[in-house]
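Okay, structure first, notes after.
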Amino acid sequence: MNRHIFTSLAAIIAFSGIEAQDAPATPKVVVNITIDQLRIDYVDAFSPLYGEKGFKRLLKNGRVYENVTFDYACIDQANATATIHTGASPSLHGIIGKLWFDRNTLRVINCVDDAHFMGYATAENTSAERMKVSTISDELLIASEGKAYAYSIAPTREMAVLMAGHASNGAFWLNDETGKWSGSTYYGSFPRWVSLYNDRQGLDFRIENIVWEPFLPVNRYQYVTADNPATGFKYIFDNERRNKYRKFKTSPYVNNEVNKLVSQCLSENPIGKDLVPDYLSIAYYAGNYTHATASAMPLEIQDTYVRLDDALGELFDMIDKRIGMDNVLVVLTSTGAKEHVSTDSEKYKIPTGEFSIKRCSALLNLYLAAIYGEGKFIEGIYDQEIYLSKKTIEDKHLDFFEVLNKSAEFLVQFSGVRDVCSSQRLKLGSWNLELGKIKNRYNPFCSGDLWIEVYPGWTIESVLNDEKYVVRDNYTNVPLIFMGWGVKAEKIYVPVEIGCMAATIAHCLRIRAPNAATAAPILNLK
């Protein structure tokens, strides 16, 4: 049956599963906005700087949940995006982080790398195969028998692919090397409208004219404390001989680039034009420039929120004019991810120390060799995880769990180590809140055999480079906001888990929730 003659009765039956006369209306389009590193306390703190069309409109007209939690440890951009769009924790959806050590290749891999699928406008090979469960957009396409339109647009490859899931019409991200919008053969052919945009309006044609300076007078930016008073800033992206597009993607201007492709997408596709609901996933960036701290760049982070507010207002205007906000369910949340931060100055006397997973694993290998004989007992390391060599253990006819437990007993004696969780303990140990968060992140297909918890305030040395970052376990507020489609405006402070978002959107669309989403939906939005 042709999409354009899909009848009212068929649409209602397909999306409700009950008698047509009893079915409630569904939104024509769901616009799901995931903002990397957005903090609700910053949204509130910088509110005097905003216009009326962005954050203020959201907070005035939306159902605002201000206390949203993730139920697992070590949140990053990738695992948070996967959790938001599947309603599941990493233990189920399989994306434990942006990177992890792969036992098959014995190297650190990216969560969306896949040599089986070529890229468009990029040399990256990409798919969503490592995400082991369905997303909201997947379920919508199944329910509509492929008649719905579903696209995702994001600054980064990981967010674009993990938002799109497996069945979307396309996932697009900005290429780090060329500034072109890229895609993957995993989603079929590359749309002509994206190719034409790249050829005629691509960022590479315009970046030489893009200069980032304060949007507002500098004296208005008074909401972040800094050691030294800042007098202004000026970044000319085209002056960067290397990594200019990577740096551009950490500026608020990347959100304008996202909006430009969203506008093109709405112009070139009949999204929201019939009775079949469509789905548009959008990602924005709200972190600091070049991943610096807010205290190091106090003006930049405030300007980022001001420009993000402007980008949201532009998006909402676009929705008003092309589809109508009453026909669209807007859902906005944050990854909750935190940038790694450097050590505080010694003058503040904050207790600290340095933990190296490289030294730690080397000493563990010497310890095991002293007990069981020479051999390579450590297969790999990444972040705070150690992967034991099962081959070495088998070749020596050792009991794996004995080696595992001796390793944990040895590691827990290291300075700075708060606890060591073995895979056996995570699978079989008694539950408590702290262990539960680590268990929800643990996935046997990609997690290590030993997880090392380091004390807050201690510095960890990166495995991939010489960078160091400080462990911080503090809670960061994450918002969840519903707006449009007749949603009742309300502010709610009762804590909710982020997993309920996917179930709620599915409920509004009258489709199944993603197959690993166990949280109950939020009811009575309207």
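The values are calculated or read from the model by the stated rules, or taken from the named source; none is laboratory data. Computed from a predicted structure; not experimentally measured. Here the Cβ is made from the backbone with ideal geometry for all residues, glycine too, and neighbour counts use every protein chain on show. Accessible surface areas use protein heavy atoms only, side chains included; no ligands, DNA or RNA. Shrake-Rupley method; radii C 1.70, N 1.55, O 1.52, S 1.80 Å.
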- Item | Unit charges on C-beta of K, R, D, E only; dipole of the stretch 175-249, Debye | 100
- Could you let me know the centre-to-centre spacing of the stretch 264-311 and the stretch 74-100, using Cα atoms, in angstrom? 20
- Task: Counting other Cβ atoms within 10 Å, keep those with at most 16, restrict to DSSP loop, and tell me which GluC sites (Glu not before Pro) in the stretch 382-480 are left.
- Result: 467
- Message: Just to make sure I understand: if all protein chains stay in place, what is the order of 66, 268, 346 by accessible area at 1.4 Å, largest first?
- Response: 346, 268, 66
- How much area per residue is accessible in the chain when the probe is 1.4 Å and only protein heavy atoms are counted (Å²)? 43
- Task: Report residue 199's accessible area, 1.4 Å probe, all protein chains in place, as a number in Å² to the nearest 10.
- Result: 100
- Note on the structure: With a 1.4 angstrom probe the carbon and sulfur portion of accessible area for the chain, in percent, totals 50
- Item | Rounded to the nearest 20 debye, dipole of the chain from Cβ charges on Lys, Arg, Asp, Glu | 580
- Task: Note down the relative contact order for the chain as a percent, whole number, built from C-alpha pairs under 8 angstrom at least six residues apart.
- Result: 28
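Which of the chymotrypsin sites (Phe, Trp or Tyr not before Pro) found in the stretch 176-236 are loop residues per DSSP with 10 or fewer other Cβ atoms within 10 Å of their Cβ?
Of the chymotrypsin sites (Phe, Trp or Tyr not before Pro), not one in the loops of the stretch 176-236 has a Cβ with at most 10 other Cβ atoms within 10 Å.
Residue 461: net charge of surrounding residues, Cβ under 13 Å, Lys/Arg +1, Asp/Glu -1, itself excluded?
-1
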- Message: Among 201, 99, 182, which residue has its Cα furthest toward the positive end of the charge dipole of the stretch 63-203, with +1 on Lys/Arg Cβ and -1 on Asp/Glu Cβ?
- Response: 201
- Query: Distance in nm between label sites at residue 374 and residue 493, each 7 Å beyond Cα in the beta-carbon direction?
  - Reply: 6.6
- Message: What does the extension gain come out to for residue 432 and residue 47, with contour length at 0.36 nm per residue minus their alpha carbon separation?
- Response: 134.7 nm
- Note on the structure: Heavy-atom accessible area of residue 447, protein chains in place, probe 1.4 angstrom, given in Å² to nearest 10, is 10
- FRET efficiency for residue 295 and residue 67 from the Cβ-Cβ distance with R0 = 30 Å, rounded to 0.05, comes out at 0.75
- Note on the structure: For the stretch 395-480, listing chymotrypsin sites (Phe, Trp or Tyr not before Pro) in a DSSP loop whose Cβ sees at most 14 other Cβ atoms within 10 Å gives 431, 445, 475
- Message: Please report, ordered by residue number, every helix of the chain (full DSSP H runs) that is 15 Å or longer along its axis going by C-alpha atoms and whose mean Kyte-Doolittle hydropathy reaches -1.0.
- Response: 253-268, 298-322, 357-372, 400-411
- Item | Overall form of the stretch 254-401 per C-alpha gyration tensor (a/c, 1.5; a/b vs b/c) | oblate
- Message: Expected output is a single nm value to one decimal: the length gained when fully extending between residue 413 and residue 339, i.e. 0.36 nm times separation in residues minus the C-alpha distance. What is it?
- Response: 23.8 nm
- What are the semi-axes of the equivalent ellipsoid of the stretch 418-491, taken as the square roots of 5 times the eigenvalues of the Cα gyration tensor, listed largest first and rounded to whole Å? 32, 20, 13
- Assign unit charges at the C-beta atoms only (+1 for Lys and Arg, -1 for Asp and Glu), then state the dipole size of the stretch 379-448 relative to its Cα centre in Debye, rounded to the nearest 20. 220
- Positive end of the charge dipole of the chain (Lys, Arg +1 and Asp, Glu -1 on Cβ, about the Cα centre): tell me which of 469, 282, 161 has its Cα farthest that way. 282
- With a 1.4 Å probe and every protein chain left in place, tell me how much accessible area residue 433 has, in Å² to the nearest 10. 120
- Item | Other-chain or far-sequence residues with amide H under 5 Å of residue 284's (modelled H) | 34, 35, 36
- Message: Please list, ordered by chain and number, the residues whose modelled amide H lies under 5 Å from the amide H of residue 497; skip anything fewer than 5 residues away on the same chain.
- Response: 69
- Task: Using 0.36 nm per residue of separation minus the Cα-Cα distance, give me the extension gain between residue 468 and residue 239 in nm, one decimal.
- Result: 79.7 nm
- In this structure, the FRET efficiency calculated for residue 205 and residue 348 from their beta-carbon separation, with R0 = 41 Å, to the nearest 0.05, is 0.30
